[in-house]
Amino acid sequence: MEAFDLIRLRKYDLIILDHNMPKLTGIDIVRKLKPIKYPILLVTGHVDHEMIEIIKAEKLHVASIIAKPFKLETLKQKISEIRSKLS
């Protein structure tokens, strides 16, 4: 079963997604997930202006972006911030 099938079959509070993957970028996957409307934390080694503009222009459900490398405490803080926004 592929990740997209699992996402469609189950409910998730948050999806943590790496931007740099072998076949698709994180933005490509966020576009495919757009109808499902899950909050997404996008992890990337390089946050650039173009990526942010695409997310805004296409109204993609990226709740936050975190740059690699990051500390576990930073990840926990981002997740906490996203959860606060959703409640």
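The values are calculated or read from the model by the stated rules, or taken from the named source; none is laboratory data. Worth saying up front: this structure is predicted, and the values here are computed from it rather than measured. Using ideal geometry, Cβ is built from the backbone for each residue, glycine included, and neighbour counts are taken over all protein chains shown.
Which numbered condition trips up residue 44, out of (1) modelled with pLDDT under 90; (2) in contact with a His (Cβ under 7 Å, 6 or more places away or on another chain); (3) of a type in the set (Ser, Thr, Tyr)?
Unmet condition: (1).
Looking only at segment 62-87, filter to residues that are of a type in the set (A, V, I, L, M, F, W, C) and over 14 Å from residue 42 (Cα atoms); which one of those is surrounded by the most Cβ atoms within 10 Å (Cβ to Cβ)?
Per the stated criteria, the residue is 86.
For residue 54, indicate whether it is modelled with pLDDT under 90, of a type in the set (A, V, I, L, M, F, W, C) and over 18 Å from residue 85 (Cα atoms).
So residue 54 fails the test.
If residue 6 meets every condition in (1) surrounded by fewer than 11 Cβ atoms within 10 Å (Cβ to Cβ); (2) of a type in the set (A, V, I, L, M, F, W, C); (3) not in a helix (DSSP H, G or I) apart from one, which number is that one?
(3)
Quick one: how many residues across segment 9-39 are within 14 Å of residue 63 (Cα to Cα) and exposed (fewer than 11 other Cβ atoms within 10 Å of the Cβ)?
Residues flagged as within 14 Å of residue 63 (Cα to Cα) and exposed (fewer than 11 other Cβ atoms within 10 Å of the Cβ) within segment 9-39 amount to 2.
Contact list please: Cβ distance under 7 Å, first residue in segment 71-87 and farther than 14 Å from residue 13 by Cβ, second residue not in a helix (DSSP H, G or I), pairs at least six apart or on different chains.
Sorted first by the residue in segment 71-87, then by its partner, the pairs are 74/66; 75/66.
For residue 61, all conditions in the list (1) of a type outside the set (Gly, Ala, Ser); (2) at pLDDT 90 or above; (3) touching a strand residue (DSSP E or B) at 6+ places or on another chain (Cβ under 8 Å) hold save one; what is the number of the exception?
(2)
Which residues, taken from segment 45-57, are farther than 12 Å from residue 19 by Cα and surrounded by 13 or more Cβ atoms within 10 Å (Cβ to Cβ)?
Within segment 45-57, 54, 55 meet the criteria.
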